[in-house]
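Everything below concerns the one structure shown next.
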Amino acid sequence: MKTKAEAFHHTLKDIYYAENAITKALPKMIDAVKDADTKKAFEDHLTETKEQIKILKKVFKTIDAKAEGEKCDAIEGLIKETEGLIKEASGDALTAMLIGAAQAVEHYEIARYGTLRQWAKEEKNDEAHDLLSQILDMEKAANAKLTGIAVS
């Protein structure tokens, strides 16, 4: 990559891969957790993640690129860690650990979307900026929701 446009496209493929991987991981978390509030938060986020994938497809269109993912080692590692927690923990510890794992994913996504949004702004891609802002707001809200559950 030599240009910011190439970096944007690469990072967009990274987060697209990540969101699709998350749609496969969240059902396992939903099945594993017993706490009703946490289960509901994970279910809600699965629905939101599917919506975010649709929005990302629109972002790809703003740069005349095909919506496709590129393997994201970071999200793969976070998912692997989460799968290990599901095998090793139980009860309240499992709930707490899964909330923490979900927040680690949210923080990764917030970082990626914040970067992409800024690059879109710098490249004067207003449509992508607005779409990415929408997703970023969703991710921040999901993180806040998880924090609320963890605190209570």
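Pick from the range 109-121 the residues that are surrounded by 17 or more Cβ atoms within 10 Å (Cβ to Cβ) and of a type in the set (D, E, K, R): which of them is farthest from K50 (Cα to Cα)?
Among those residues, the one meeting the criterion is R117.
Test G84 against the criterion of being at pLDDT 95 or above, within 14 Å of D14 (Cβ to Cβ) and either more than 13 Å from the chain's Cα centre (by Cα) or in a helix (DSSP H, G or I) (or both), and give yes or no.
For G84, the condition - at pLDDT 95 or above, within 14 Å of D14 (Cβ to Cβ) and either more than 13 Å from the chain's Cα centre (by Cα) or in a helix (DSSP H, G or I) (or both) - is not met.
Which of the residues spanning the range 49-71 are in contact with a helix residue (DSSP H, G or I) (Cβ under 8 Å, 6 or more places away or on another chain) and not in a helix (DSSP H, G or I)?
I63, A65, K66, A67, E68, G69, E70, K71
Here is a list: K124, K140, K40, K58. Which entry is within 14 Å of the chain's Cα centre (by Cα), basic (K, R) and surrounded by fewer than 20 Cβ atoms within 10 Å (Cβ to Cβ)?
K140
Restricting attention to the range 61-75, which residues are over 12 Å from the mean Cα position of the chain (by Cα) and of a type outside the set (G, A, S)?
K61, T62, I63, D64, K66, E68, E70, K71, D73
Looking at the range 1-37 only, could you name the residues that are among the basic types (K, R) and either at pLDDT below 95 or surrounded by 20 or more Cβ atoms within 10 Å (Cβ to Cβ) (or both)?
The answer is K2, K4, K13, K34.
May I ask you to list pairs of residues, at least six apart or on different chains, whose Cβ atoms are under 7 Å apart, with the first in the range 72-99 being more than 21 Å from A41 (Cβ to Cβ) and of a type in the set (G, A, S) and the second being assigned to a helix (DSSP H, G or I) and modelled with pLDDT of 95 or more?
Once the first residue is more than 21 Å from A41 (Cβ to Cβ) and of a type in the set (G, A, S) and sits in the range 72-99, its partners that are assigned to a helix (DSSP H, G or I) and modelled with pLDDT of 95 or more give A74/Y108.
Please go through the range 16-33 and pick out each residue that is of a type in the set (A, V, I, L, M) and either under 11 Å from the mean Cα position of the chain (by Cα) or within 13 Å of V105 (Cβ to Cβ) (or both).
Across the range 16-33, the qualifying residues are A18, A21, I22, A25, L26, M29.
For E70, work out the one condition from (1) in contact with a Phe, Trp or Tyr (Cβ under 9 Å, 6 or more places away or on another chain); (2) crowded, with 17+ Cβ neighbours inside 10 Å it doesn't fulfil.
Condition (2) is where E70 drops out.
Quick test of your reading of the structure: A74 fulfils all but one of (1) out of contact with any helix residue (DSSP H, G or I) (no Cβ under 9 Å at 6 or more places or on another chain); (2) modelled with pLDDT of 95 or more; (3) not in a loop (DSSP other than H, G, I, E, B). Name the failing condition by number.
(1)
Which residue pairs have Cβ atoms closer than 7 Å, lie 6 or more positions apart in sequence or on different chains, and pair a first residue in the range 21-48 that is outside any helix (DSSP H, G or I) with a second residue that is among the hydrophobic types (A, V, I, L, M, F, W, C) and surrounded by 17 or more Cβ atoms within 10 Å (Cβ to Cβ)?
What qualifies is V33/F42; V33/L94; V33/L98.
The values are calculated or read from the model by the stated rules, or taken from the named source; none is laboratory data. Just so it is clear, the structure is predicted and the values come from calculations on it, not from any experiment. Here the Cβ is made from the backbone with ideal geometry for all residues, glycine too, and neighbour counts use every protein chain on show.
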